[in-house]
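Notes follow once the structure below has been shown.
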Amino acid sequence: MKILSLNFLTCAVKACKTSPNSYPLHPKDAELVQDELGLKPEMIISVLPRIDWEALKSTCSELGFPALPEAAPTKEELENDEKILKDLHHLLLETSISEGKLVCGNCGHEYAIKEGIANFLLPGHLV
Amino acid sequence: MLFLIRFAQIHESFRLAELKALAELECEDLKIAEHDDKNPFCIVEMSSVEASKRVISRSILAQSIHELWGSGSTLNELHEDIKSILPDRGHLYKDASFKFEVECFQGTRSKKARMEIIHSLAYLPFEGPIKMKDPQEHFTIFEYWPYQSVFLGIENPERLYFARFVGGTSRDIVHKYDLKKRGYISTTSMDSELALVTANIALADSGKLFFDPFVGTGSFPIACSHFGATTWGSDIDGRSLRGDGKDKSLKGNFSQYGMKERIGDVFASDLTNTPLQLRRIWDGIVCDPPYGVREGLRVLGCRDPLLKPWQLELSKKNYKEPDYVPPKKPYSFYAMLDNILAFAASTLVDNGRLSFWMPTANDEDREIAIPEHPRLQVVSVCTQVFHKWSRRLITYRRVSDAEVSPAALQAFAVRQQVTVEGRTADELNPFRNEYFKGFNSEK
Ligand SMILES: C[S@@+](CC[C@H](N)C(=O)[O-])C[C@H]1O[C@@H](n2cnc3c(N)ncnc32)[C@H](O)[C@@H]1O
């Protein structure tokens, strides 16, 4: 589960969706892996406006990554600064959770991640 | 400028939808001048040779594009038409090496007859050498003959065209992604040709984010990623994503094609209980939803929580066990269609596309209506006809909120309310009745 995907995901329980505590999900016992993947600047540039920067900052701090800048870089900064582009590419696409859990801050339900694939299927009593 | 597109003789009703999508991707104003499903030669207008090459280069259903020099219903008419443009164009090819060819669709010509036609073009001001192999310019006389011309003894074509080759297409990649050569597939994997056409119609492209909520073995993400998109997918069946956890898996397929960097993530989830945020993330959503033919359509949930409260207790007690399997309940196909449209309306960016496949009956009475949503505008409907049933590829565009009237939204909300209340969870599924018994065997 890539760090980018975490930014798109919240708790699957319908009642949690309206609660601000359900997003982002909190990684727990996370084993991280790094993949080396080709950088596509156009991908990072198009993904930037779809990122919830506050959520990304809190995910990074929970995982113990170096702190992100206070505000998201602008499109111009991305286009002109290869380092920001590379760093974001590394964080969002090359870094992922291979094993662990994602925990909802509202209901406490834990979603397991195994071999990089998360399981969001809800048990009968939570549907 | 006019161009002749030479289409493959297959999936005729998808041709224009693919072509228009490719023109939109290239921001090219393409006009259809002459088109008939029965005729593989289609005449279109585009701004330049360069633009025409770019537009057609991604096409799966076209074989080539040619600059049109003339057309007519008889050879004489064709010559007149060619002569009228010669003053503008003829001299440009004076010294180029070239070759001529005659291509007859639904008809035949002897070698001698072909040579006669070619010789009748002797007035063309070409002085370069004739080269049968790799000439600089390749001219073709295309002939469209009436159906069964040979059998009926028809002696002349209905329509003739003369055109200069300018560019090829992506049709060859259909073989590269052939399911027979793919490491991991299932009975419901989409064949590579139609998956690639779907990706084209949905405008998959570099720098775009695509999602398939019924991803299975990943046929659509693979096709979309071929065109550069980064793709995500989910499926209620976690095993279908994992495969053997190595080569024979969805991710293994991406590695097989050298596209590891284009897969975002896949995860197990039910579209009716999705963990995805409902905000504008996706440039495209493409899928082949479950029809409920084999097992009946299912979503997460206990069947009768009120009648059988112990199911809930059981779930509370066991859900942390590693081998726990969440209960599923039957669901209506119509309700699922509504869910797909509602999900797409809330998560597509403006002008993002939803393309999904849906089966329907061949006779009009039983045909299933095209689902509607005020925030989604139908762009194209393409039909693949089988013996007893058909399936359609329906494509929508997410319109911007400014384009939707509050009245339309209001009316839609009211209608939804009525239909939801009028339904029971295990309402009959339209594809499970007698009529569709031949459905799977035919595929
Ligand atoms: C027609 S198949 C699509 C196959 C896919 N295009 C492929 O390439 O393998 C439908 C898929 O939907 C999944 N499915 C069924 N019900 C679902 C639900 N409620 N939510 C998400 N996926 C579901 C099935 O497990 C199946 O893999």
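The values are calculated or read from the model by the stated rules, or taken from the named source; none is laboratory data. Small disclaimer: the values here were computed from a predicted structure and weren't measured. Cβ placement follows ideal geometry from the backbone for every residue including glycine, while neighbour counts extend to all protein chains displayed.
Points to keep in mind about this one:
- Considering only residues in the stretch B:284-298 that are within 13 Å of the ligand (Cβ to nearest atom) and modelled with pLDDT of 85 or more, the one that is surrounded by the fewest Cβ atoms within 10 Å (Cβ to Cβ) turns out to be B:R298.
- Some residue of the stretch B:179-200 being of a type in the set (D, E) and outside the structural domain of B:E77 (by TED's automatic domain parsing): yes
- Per the conditions (1) surrounded by 22 or more Cβ atoms within 10 Å (Cβ to Cβ); (2) in contact with a Gly (Cβ under 8 Å, 6 or more places away or on another chain), the sole criterion not satisfied by B:L276 is (2).
- Residue match in the stretch A:107-121 (condition: over 30 Å from B:K328 (Cβ atoms) and touching a Lys or Arg at 6+ places or on another chain (Cβ under 6 Å)): no
- Selection status of B:I117, modelled with pLDDT of 95 or more, assigned to a strand (DSSP E or B) and in contact with a strand residue (DSSP E or B) (Cβ under 7 Å, 6 or more places away or on another chain): no
- When residues of the stretch A:17-38 are limited to those that are crowded, with 16+ Cβ neighbours inside 10 Å, assigned to a loop (DSSP other than H, G, I, E, B) and out of contact with any strand residue (DSSP E or B) (no Cβ under 7 Å at 6 or more places or on another chain), the one farthest from the other protein chains (Cβ to nearest Cβ): A:P24
- Residue that is nearest to B:F220 (Cα to Cα), among those in the stretch B:269-283 that are more than 8 Å from chain A (Cβ to nearest Cβ) and within 10 Å of the ligand (Cβ to nearest atom): B:L271
- Residues of the stretch A:5-16 satisfying the condition of being facing chain B (nearest Cβ under 7 Å) and within 18 Å of B:V266 (Cβ to Cβ): A:S5, A:F8, A:L9, A:T10, A:A12
Condition check ((1) within 16 Å of the chain's Cα centre (by Cα); (2) within 11 Å of another protein chain (Cβ to nearest Cβ)) across all residues:
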position: B:G207; (1), (2): no, yes
position: B:F214; (1), (2): no, no
position: B:P221; (1), (2): yes, no
position: B:H226; (1), (2): yes, no
position: B:G233; (1), (2): no, yes
position: B:D247; (1), (2): no, no
position: B:K251; (1), (2): no, yes
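Residues are listed down the side, and each one gets a yes or a no for (1) closer than 24 Å to B:L25 by Cα; (2) away from the ligand (no atom under 14 Å from the Cβ):
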| site | (1), (2) |
| --- | --- |
| B:R159 | no, yes |
| B:R171 | yes, yes |
| B:S192 | yes, no |
| B:I236 | no, no |
| B:G258 | no, yes |
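- Selection of the stretch B:346-370 for residues being out of contact with any Cys (no Cβ under 6 Å at 6 or more places or on another chain) and either under 22 Å from B:L300 (Cβ atoms) or polar (S, T, N, Q) (or both) yields B:S346, B:T347, B:N351, B:S355, B:T360, B:N362.
One line per residue, one yes/no per condition, for (1) more than 10 Å from the ligand (Cβ to nearest atom); (2) within 23 Å of the chain's Cα centre (by Cα); (3) among the aliphatic types (A, V, I, L, M):
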| position | (1), (2), (3) |
| --- | --- |
| B:L300 | no, no, yes |
| B:R303 | yes, no, no |
| B:K308 | yes, no, no |
| B:E313 | yes, no, no |
| B:K317 | yes, no, no |
| B:D323 | yes, no, no |
| B:P326 | yes, no, no |
| B:M336 | no, yes, yes |
| B:A342 | yes, yes, yes |
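- Residues (β-branched (V, I, T) and in contact with a helix residue (DSSP H, G or I) (Cβ under 8 Å, 6 or more places away or on another chain)) located in the stretch B:37-74: B:V44, B:V55, B:I56, B:I60, B:I65
- Counting only helices (runs of 4 or more DSSP H) that sit completely within the stretch B:189-252, those holding 1 or more residues that are surrounded by 24 or more Cβ atoms within 10 Å (Cβ to Cβ), aromatic (F, W, Y) and touching a residue at least 40 places away in the same chain (Cβ under 8 Å) correspond to B:219-226.
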